[in-house]
Amino acid sequence: MGGVFAAVSTGDCVSDLFFGTDYHSHLGTRRGGLAGMNGGLIHRHIHDISNAHVGSKIEHGVRRMHGLRGIGVISDYEDQPLIIGSHLGTYAIVTVGVVQNAGKLMD
């Protein structure tokens, strides 16, 4: 299982993003990441949290981040957030999901 947290603000929201994502750290055991947008640039930090709490791993990178929008994720498997560049622009996405009826879907 994993957890997702996002923030949008008229001021810098990275601190809220950090603490909101850190709050969800009990939902995942492998990877934790944040992405924040500042002036059209996306800054991303992803760390392995299998041996330590996500807050202690991401805290140093977050001090250099600033932005009005951001997304954070705690994941069991993948490095996230993903940065996507397309004709629609550049954006960050996260995925969290559990398929509990995989056998029925295969049929």
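Taken together, the values in this text are just the output of simple stated rules run on the coordinates, not laboratory data. Remember, predicted model here, so these are calculated numbers, not experimental data. Positions of Cβ are backbone-derived with ideal geometry, glycine not excepted, and every protein chain shown enters the neighbour counts.
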TODO: Would you mind checking the tilt of helix 14-23 against the longest principal axis of the Cα atoms of the chain, expressed as 0 to 90 degrees and rounded to 10?
DONE: 30 degrees
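As a test of the formula, what do you get for the chain when each DSSP H run with n ≥ 4 contributes -39,500 (n - 2.57) and the sum is divided by the residue count, at 222 nm and rounded to the nearest 500 deg cm²/dmol? Write out the running numbers ahead of the final one.
Numbers: 3 runs with 24 residues, N = 107.
Here the helix-only value at 222 nm equals -6000 deg cm²/dmol.
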Task: Highest average packing first - 88-100, 3-15, Cβ atoms within 10 Å - done: 3-15, 88-100
- [ ] Using Rg and Dmax of the Cα atoms in Å as the read-out, say which of (1) 19.7, 75; (2) 14.5, 50; (3) 13.4, 39 was calculated from these coordinates.
- [x] (2)
Open item on the list: Order these by the 10 Å Cβ neighbour count, fewest first: 34, 17.
Closed with: 17, 34
TODO: Set Lys and Arg Cβ to +1 and Asp and Glu Cβ to -1, take the dipole of the chain about its Cα centre, and tell me which of 6, 101, 40 lies farthest positive.
DONE: 40
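Could you work out the local net charge near residue 43, counting Lys and Arg as +1, Asp and Glu as -1, over the other residues with Cβ closer than 14 Å to its Cβ? Provide the component values of the computation, followed by the final result.
Values: positive: 44, 63, 64, 69; negative: 12.
Summing Lys/Arg as +1 and Asp/Glu as -1 gives +3.
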